[in-house]
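The values are calculated or read from the model by the stated rules, or taken from the named source; none is laboratory data. Given the structure is predicted, the values throughout are model-derived calculations rather than measurements. Neighbour counts run over all protein chains shown; Cβ positions are idealised from the backbone, glycine included.
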Amino acid sequence: MAGCPGDAEVEAAFPGISPIRQPPALQPVSFEDQPCCHCGSLPWAGAVVSEGKVFCCQGCRTVFELLAENGLGDFYRLGKQPGVQIKTKTKVGDFKFLDDPTVRERLVDFADAATTRVTFRVPAVHCIACVWLLENLFRLKPGIGRCRVNFPRKEVSITFENSQLELSDVAALLASLGYPPELKLSDLAEQRRRPTPKRLWMQLGVAGFAFGNIMLLSISSYLGLDRFYGPGLERLFGYISLALALPVLLYSAADYWRGAWRSLRRRTLNIEMPIALGILALVIQSAREVFAGGGLGYLDSLSGLVFFLLCGKLFQQKTYDRLAFDLDYRSFFPLSVTRKNGAAEEQVALAQLRTGDRLLVRNGELIPADARLVGGPALIDYSFVTGESEPAARQPEDHLYAGGRQVGGAIELETVKPVSHSYLASLWDQEAFRKEKCPFFDTLTNRYSRLFTPLVIAIALISALVWSFVNPALSLKSFASVLIVACPCALALAAPFALGTAQRVLARRNVFLKNAAVLETLARVDAMVFDKTGTLTAGGGAGLDFEGAALSEQEERWVYSLTRHSTHPLAVRLGQAIAHRHVSEAVRSFIETPGCGMEGSVSGHQVWLGAAAWLEARGLNVPANESRTGSVVHLAIDGAYRGSYSLANALRPEMDKLAAGLADDFEIALLSGDTERERARFTALFGPKARLFFTQSPFQKLEFIRRLQQDGRTVMMVGDGLNDAGALQQSDVGAAVVEKISAFSPASDIILGGRMVARLAGILRYSRQCVRVVRASFLLSALYNIVGIAVAARGLMSPIVCAVLMPLSSVSVVVFASGAAAWLGRRLGQPEEPA
Amino acid sequence: MIVLFFLIPLSILIAAGFLGAFLWAVRSGQFEDTQTPSMRMLLDEPNPQPHNNPKFQKDLKEP
């Protein structure tokens with residue numbers, strides 16, 4: 001709590017809490033080692049001191065004072081420096097596009113003449129203090145009503161008065177407090193998907209209620225109570241059970257009827273078909289017995305079956321809920337863009353953008369559509385598109401492709417193509433890029449059920465036919481019994497439970513699968529294709545190498561001081577690499593020329609740091625050297641060339657272990673958009689058998705994977721960025737490597753946390769084990785079925801055996817499947833901290 | 001034992017009451033978020049409702 005006000009100080013600062021106002025602390029404060037009172041980050045640049053409290057920036061101070069004025073100082077007592085650092089100042093125009101009627105209509109949950117309710121996703125919510133602050137928003141701004149935070153989903157629902165506030169004001173208020181709402185284009189493109197399995201919960205509740213009560217009634221008849229109390233009681237129990245089973249049939253099992261109907265119409269046999277058939281047989285047989293006064297039938301088994309099936313479904317759904325997948329590349333594009341309208345600037349939604357519009361793209365913003373550069377030299381980071389990590393310089397009148405990101409000062413563009421026709425969209429829309437998706441038949445469950453279902457129906461029919469000649473009374477009984485006892489409930493449950501558990505196990509280790517079917521495909525993978533940039537190598541933490549006459553310590557300090565003033569990726573990495581040796585000095589007349597380099601005066605010495613061409617243009621002689629690897633930065637001091645830094649693209653840790661783990665079982669290939677510079681290093685890493693290809697375009701990557709597939713390989717592609725999207729899509733399993741799970745999720749089958757790349761061999765082994773677990777579960781349930789069918793077909797199945805066997809088989813299979821998957825998962829190592 | 005004919009339907013009626021309570025709880029969104037209420041109860045303010053503003057009183061109930 002160093003540097004944060006104690007309770008007494010907090011109370012002193014907030015007259016609303018304590019009427020006594022004490023003078024600020026008198027002792028001098030050293031700001032450097034005191035964390036910001038609001039957000040807790042160290043104010044290493046410009047500390048702001050106000051009334052004895054240290055803030056890292058003006059934004060944090062503003063929020064602190066705003067909360068203090070409104071009696072919300074308790075915020076700081078609920079957690080240690082609970083605030084969120086205010087990184088960018090919110091401008092009034094930033095959210096103006098939200099007030100557009102079409103945008104507004106899609107975002108709000110509910111609106112009438114007086115009030116509106118809206119739900120924003122606010123990823124910055126991280127602690128109890130955030131919940132408290134956001135639920136007390138109405139104290140900060142008149143017009144705001146009830147606020148409710150959903151912490152696990154990081155959502156806040158806000159009701160506000162239309163007469164006092166616009167939707168954009170609410171969004172701006174959240175942003176100004178450090179909780180900017182996350183707005184994605186996909187939110188606007190279609191009606192938002194609400195992951196509320198309310199219906200499933202209710203179906204489950206009804207089925208569970210019926211299951212429990214019917215079971216209670218059935219037990220008495222199993223124990224033969226009717227012998228003591230006569231058949232009247234059993235008849236009553238029968239009718240009550242039937243009445244209880246009715247809502248199970250009509251409501252809880254409704255999805256299975258629908259599935260079976262779909263299957264009939266498409267003339268295919270899906271997993272719903274035998275379940276529906278089994279339920280139908282149970283109903284007919286039970287109703288017959290009840291009305292004939294012969295007992296309770298199988299109503300307990302029926303409702304139990306539906307109950308367990310729905311449990312499995314809910315379990316699956318819960319697993320899916322945790323994965324908020326962005327399947328659409330459009331999600332990465334900025335939701336609104338700044339359009340120039342004469343001298344004025346306005347925020348417009350991306351969908352309203354037209355060809356010929358003038359746009360202003362600031363530092364770090366994406367280019368939404370193909371455009372012509374109008375104002376300012378641009379430095380475009382095309383790592384999404386080409387995989388090259390170094391930004392490319394562009395001059396006015398140059399054509400800029402969509403998907404690039406401006407680095408440095410603001411630039412002005414004129415769009416030449418509408419958003420949907422841009423390069424990325426056309427890349428995405430290519431027929432070749434669409435994966436042959438047939439999870440319907442390719443999933444394990446459906447494959448087994450395709451064999452299982454006709455077989456069971458055939459056995460049931462044959463036994464019915466045989467009995468109709470031998471003993472007609474047993475005919476329908478044996479038909480129903482075979483379908484009941486062979487009801488593939490265990491078959492239907494084994495895969496969801498085992499694969500669902502595996503998905504959970506992997507998700508806790510920052511490996512997110514799009515669906516359970518991915519795991520099955522993963523188990524069949526026999527060829528691995530890697531991308532280099534961002535996949536095997538990671539930016540930051542680079543090896544540094546200086547070529548030229550050694551610099552004095554003082555000179556290196558000047559270089560360090562200069563790099564501190566730039567946000568250029570190379571400058572940042574260079575600065576980090578030499579930071580441990582130096583403290584920064586003041587730099588005067590600093591100029592950064594985008595795409596060229598930067599210059600500045602340190603202790604009266606002119607330091608130039610930049611590209612070779614830039615230094616040559618200033619009359620320096622830069623020696624050419626092809627042998628250098630990585631990215632090269634040249635240095636001149638006081639007009640004299642001094643040498644060059646090269647920043648290696650560092651491999652992720654433990655890559656050698658990964659290569660060793662994969663080498664025996666997989667065909668390995670490396671496809672990189674970079675030049676040949678680092679071939680030797682990767683040959684050493686992957687061994688002579690691996691195939692390495694450099695300067696590959698996205699199309700070449702795609703073609704390579706397609707050729708592998710034509711050779712009968714099941715290919716897994718590990719890459720990152722949008723340029724790989726085509727290859728990821730073409731491959732059987734596409735894995736996208738991301739550094740921050742919440743930050744970036746391209747369309748892919750797997751999202752892989754950066755640190756898990758090294759453990760890929762273990763993940764692949766785990767997927768194969770899980771599929772084996774599912775197969776074993778199938779075997780287990782097959783055993784039950786063979787015994788059951790054999791008995792049932794001979795007409796010997798008594799209701800007790802039938803009722804006990806079925807739930808027993810499902811429960812034991814479920815316990816085995818999820819238990820084995822979880823136990824095997826422990827070998828994957830400790831769960832990761834959530835990113 | 002004739003009383004069973006009366007008691008058993010009665011017991012099922014009572015159980016149906018609990019089912020009704022469960023369905024109501026699901027419909028009113030109590031299973032939507034099972035984490036935040038446990039944090040909310042630790043906060044000092046009894047309930048951060050905008051009682052001062054009558055316009056919102058009608059909105060306190062979720063539709």
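In region A:122-148, the residues that are at the interface with chain B (Cβ under 8 Å from one of its Cβ atoms) reach residues that are basic (Lys, Arg) with C-beta atoms within less than 8 angstrom, at least six apart or across chains, in these pairs: A:131/B:40; A:135/A:148; A:135/B:40; A:138/A:146; A:145/B:55. Being modelled with pLDDT of 75 or more, under 27 Å from residue A:729 (Cα atoms) and in a loop (DSSP other than H, G, I, E, B): is that true of residue A:402 here? Considered against the rule, which asks whether it is modelled with pLDDT of 75 or more, under 27 Å from residue A:729 (Cα atoms) and in a loop (DSSP other than H, G, I, E, B), residue A:402 comes out as no. Residue check: residue B:50 meets all listed conditions (1) modelled with pLDDT of 80 or more; (2) facing another protein chain (nearest Cβ under 7 Å) but one, namely (1). When region A:290-306 is filtered for residues that are surrounded by fewer than 24 Cβ atoms within 10 Å (Cβ to Cβ) and in a helix (DSSP H, G or I), the ones remaining, listed by number, are A:290, A:291, A:292.
Results for (1) in contact with a Leu (Cβ under 8 Å, 6 or more places away or on another chain); (2) modelled with pLDDT of 90 or more, shown as yes or no for each residue.
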site: A:232; (1), (2): no, no
site: A:250; (1), (2): no, yes
site: A:264; (1), (2): no, no
site: A:279; (1), (2): yes, no
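Checking every residue in region A:121-129 against the condition of being in a strand (DSSP E or B) and at pLDDT 85 or above gives zero matches.
Of all residues being out of contact with any Ser or Thr (no Cβ under 6 Å at 6 or more places or on another chain) and either at positive phi or not in a strand (DSSP E or B) (or both) in region A:626-641, which is modelled with the highest pLDDT? Just the residue, please. Among those that are out of contact with any Ser or Thr (no Cβ under 6 Å at 6 or more places or on another chain) and either at positive phi or not in a strand (DSSP E or B) (or both), it is A:638. Considering region A:149-159, and only residues there that are in a loop (DSSP other than H, G, I, E, B) and under 19 Å from residue A:180 (Cβ atoms), the residue that is nearest to the other protein chains (Cβ to nearest Cβ) turns out to be A:151. Here is the figure for region A:685-709: residues that are under 18 Å from residue A:666 (Cβ atoms) and not basic (Lys, Arg) total 11.
Does residue A:374 satisfy the criteria of being modelled with pLDDT of 75 or more and not assigned by TED's automatic domain parsing to the domain that holds residue A:699? Spelling it out, residue A:374 is indeed modelled with pLDDT of 75 or more and not assigned by TED's automatic domain parsing to the domain that holds residue A:699. In region A:779-796, the residues that are farther than 24 Å from residue A:475 by Cβ and not assigned by TED's automatic domain parsing to the domain that holds residue A:463 form Cβ pairs under 6 Å with partners that are surrounded by 14 or more Cβ atoms within 10 Å (Cβ to Cβ) and aliphatic (A, V, I, L, M), at six or more places apart or across chains, as follows: A:780/A:813; A:781/A:490; A:781/A:491; A:781/A:813.
Between A:287, A:245, the distinction of being surrounded by fewer than 17 Cβ atoms within 10 Å (Cβ to Cβ) and at pLDDT 85 or above belongs to A:287 only. Residues in region A:104-115 that are at the interface with chain B (Cβ under 10 Å from one of its Cβ atoms) and buried (at least 16 other Cβ atoms within 10 Å of the Cβ): 1 in all. Residue pairs whose Cβ atoms lie under 8 Å apart, separated by 6 or more positions or on different chains, with the first residue in region A:194-220 and facing another protein chain (nearest Cβ under 8 Å) and more than 26 Å from residue A:118 (Cβ to Cβ) and the second modelled with pLDDT under 85 and not in a helix (DSSP H, G or I), are A:217/A:296. State whether the residues of region A:784-803 include one that is at pLDDT below 80, surrounded by fewer than 22 Cβ atoms within 10 Å (Cβ to Cβ), among the β-branched types (Val, Ile, Thr) and under 21 Å from residue A:311 (Cα atoms). No; the residues of region A:784-803 include none that is at pLDDT below 80, surrounded by fewer than 22 Cβ atoms within 10 Å (Cβ to Cβ), among the β-branched types (Val, Ile, Thr) and under 21 Å from residue A:311 (Cα atoms).
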